[in-house]
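Quick notes on the structure that follows.
The values are calculated or read from the model by the stated rules, or taken from the named source; none is laboratory data. Please read all numbers here as calculations on a predicted model, not as lab measurements. In this analysis, Cβ positions are derived from the backbone assuming ideal geometry, glycine residues included, and neighbour counts consider all displayed protein chains.
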C-alpha cells in the first residue's frame with residue numbers, strides 16, 4: 001500500500017473523488033481518500049483494506065466500489081452516509097490517500113513494492129496540487145474526534161491497557177461481526 005499524506009486544501013470534494021476514481025481505474029488500484037484526523041495510523045488503513053477485500057471475495061460487501069468499502073471499514077460503519085465522516089471534506093486539513101493493489105498483500109501492507117501504486121501516488125499528488133504539502137500526518141489524529149466517531153468513552157480507555165489505536169482496530173474488526 002502506498003500512502004500520499006500531507007496537509008492541503010480541498011475546494012471541490014466531488015471533483016477530487018471523481019479524479020481519484022479515474023486514477024484508480026487507470027492504474028488498477030483502489031484509491032481512497034481520508035481526513036487524517038480520524039486515522040490512528042498505517043495499521044488502521046491496512047486493516048480496513050484487507051477486510052474490505054475479504055468482504056468482496058466473500059460477496060459480503062455493502063458498497064459496489066472497493067474504495068467505498070475501505071472507507072466503511074476505516075470508519076467502522078455499515079452506513080455509507082455515516083462513514084463519509086472519515087472521508088475528505090472541503091476545506092483545509094490533513095489528507096491521507098491510500099493506494100492499494102489487492103494482489104500486493106505479500107508486502108504486509110508496506111509501501112514500495114508496486115510500480116502502479118507509485119504511479120498512482122504521483123498522479124494523486126498532482127490531483128491534490130497546488131494546495132497540498134506532502135508530509136507525514138498519520139499518527140497526528142484528533143483524539144476527541146476519533147473517540148466520538150468510534151464511540152469510545154473515557155471509561156473504556158481507563159478499563160484497558162490498550163491504547164486508542166488498538167480500540168479503533170477492534171471496532172474496525174467488529175464490523176464483520178455486526179453484519
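Please specify each residue of the range 116-130 satisfying the condition of being under 21 Å from residue 35 (Cβ atoms) and in contact (Cβ under 8 Å) with a residue 24 or more places away in the chain.
Within the range 116-130, 120, 121, 123, 124, 125, 127, 128 meet the criteria.
Of the numbered conditions (1) at pLDDT 95 or above; (2) surrounded by fewer than 22 Cβ atoms within 10 Å (Cβ to Cβ); (3) touching a helix residue (DSSP H, G or I) at 6+ places or on another chain (Cβ under 7 Å), residue 78 satisfies every one except a single condition; which is it?
(1)
For the range 1-20, how many residues meet the condition of being modelled with pLDDT of 95 or more and surrounded by 15 or more Cβ atoms within 10 Å (Cβ to Cβ)?
Total meeting the criteria: 13.
Counting only residues that are part of a helix (DSSP H, G or I) and in contact (Cβ under 8 Å) with a residue 60 or more places away in the chain, which one in the range 55-75 is surrounded by the fewest Cβ atoms within 10 Å (Cβ to Cβ)? Reasoning before the result, please.
Let us first name the residues in the range 55-75 that are part of a helix (DSSP H, G or I), namely 55-58, 66-75.
From the residues that got through so far, the ones that are in contact (Cβ under 8 Å) with a residue 60 or more places away in the chain too are 55, 72-75.
On the way: 55: 21, 72: 26, 73: 28, 74: 28, 75: 24.
Residue satisfying both the conditions and the ranking: 55.
Looking at (1) assigned to a helix (DSSP H, G or I); (2) under 27 Å from residue 130 (Cα atoms); (3) over 10 Å from the mean Cα position of the chain (by Cα); (4) touching a residue at least 40 places away in the same chain (Cβ under 8 Å), can you tell me which one residue 25 breaks?
(4)
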